[in-house]
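What follows is a short report on a single structure.
Values in this text are rule-based calculations from the coordinates and carry no lab data. Just so it is clear, the model here is predicted, and its values are computed rather than measured. Every residue, glycine among them, receives a Cβ derived from its backbone with ideal geometry; neighbour counts consider all protein chains shown.
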Amino acid sequence: MRPILMKGHERPLTYLKYNKDGDLLFSCAKDHNPTVWFADNGERLGTYRGHNGAVWCCDITSKFLSLRDSMRLITGSADQTAKLWNVQTGAQLFTFNFDSPARSVDFAVGDKLAVITTDPFMELTSAIHVKRISRDPSEQTGESVLILKGPQGRINRAVWGPLNKTIISCGEDAIIRIWDSETGKLLKESDKESGHKKTITSLAKAADGSHFLTGSLDKSAKLWDSRTLTLIKTYVTERPVNAVTMSPLLDHVVLGGGQDASAVTTTDHRAGKFEAKFYDKILLEEIGGVKGHFGPINALAFNPDGKSFSSGGEDGYVRLHHFDPEYFNIKI
């Protein structure tokens, strides 16, 4: 399995996302320019220029909203905006302005709503904003349908729960919360005992939305039920987890991370030792690892067909891995 090395970003990667068809890969980085690549050969298609700060997150609409229409991309940035883009032309369609950095963005199923989280800033607390997404960009407005406040510290991820009925959020306070997306009422919180002990850095939903995976600086990842917030599994590793993803095809969980702050100054003779670790989702066994990055892994994404995955590093590279046939026959 030879990785394809994709160079285009000048700063560390922050987020990776495939479109629903799995033919395009979108990458966000601290260099202000979200980029789109062909997911099979890693060729760069183009960049989306307009942000004036690090871009933390992105999402893509699932289908063409009408025949003459392109897919839409939404990006959240440290420049205190979230932007909507035409995927094909790279044109900016709309800018949502906030009073603090936009950290996480997620389209609802059906692409009629988006949830955007904003960071705490000066005296502002963190917040979760629900925005309506117009079919016609010229009718788009910046009004929020709902604004949720409450969690202390930064909210690193907020995503839609099953049937768009709920919003699942997590972040610095290590608690996962489920909110009613209509009323804004807090429905559930993960309990302190079974939950994460440090900042939750990442969240990945299963393909069917029934469960989701969280990664944390407490050196673990946890699998949760999306409706009941029951803890299903815990994966323990030896370094902080910055990124998580799940195979849509096999029962595999992939964790990517960094090293402890104390070890940052000591370089290892095995360069490129930062690896994406594969675990058996059910048995919790480590299956293997994919090395290669020269710094912590900040982003991971599985292609929706389950036959390839990509990782984005602090080193500014995106590495695209197409699995060998043997991968699909791994037995434990």
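Worth pointing out:
- Stretch in the chain that is longest and holds no GluC sites (Glu not before Pro) that DSSP places in a loop and that have at most 13 other beta carbons within 10 Å: 44-122
- Over segment 175-332, volume per residue of the alpha carbon convex hull, in Å³: 129 Å³
- Report note on the peptides 198-209, 240-251: ranked by the mean count of other C-beta atoms within 10 Å, highest first, their order is 240-251, 198-209.
- Other residues with beta-carbon under 15 Å from the beta-carbon of residue 96 carry, at +1 per Lys or Arg and -1 per Asp or Glu, a net charge of -2.
- Normalising the average separation of contacting C-alpha pairs (under 8 angstrom, six or more residues apart) by the number of residues puts the relative contact order of the chain at 13 percent.
- Residue 146 long-range amide H proximity, modeled H, under 5 Å: 130
- Total lysine pairs under 17 Å (Cα atoms) in segment 1-118, excluding pairs fewer than 8 apart on one chain: 10
- Partner lysines for residue 192 [C-alpha distance under 24 Å; skip if fewer than 8 residues away on the same chain]: 149, 205, 219, 222, 233, 281
- Working note: Karplus 6.51/-1.76/1.60 with θ = phi - 60° gives segment 237-242 the couplings 10, 9, 9, x, 9, 9 Hz, where Gly and Pro are set to x.
- With the largest listed first and rounded to whole Å, the semi-axes of the equivalent ellipsoid of segment 149-261 from the Cα gyration tensor are 21, 17, 11.
- Taking amide hydrogens as placed 1.01 Å from N in the peptide plane, the amide H of residue 232 sits under 5 Å from those of 223, 224, 225, each at least 5 positions away in sequence or on another chain.
- Debye intensity ratio in log₁₀ form over the Cα atoms of segment 95-204, taken at each q of 0.10, 0.15, 0.18, 0.19 Å⁻¹: -0.27, -0.61, -0.86, -0.96
- Diffusion coefficient (Stokes-Einstein, Kirkwood radius over C-alpha pairs, 4 °C, 1.567 mPa s) for the chain: 65 µm²/s, rounded to a whole number.
- Rounded, prolate or oblate (a/c below 1.5 giving rounded, otherwise prolate when a/b exceeds b/c) for segment 117-174 by Cα gyration tensor: oblate
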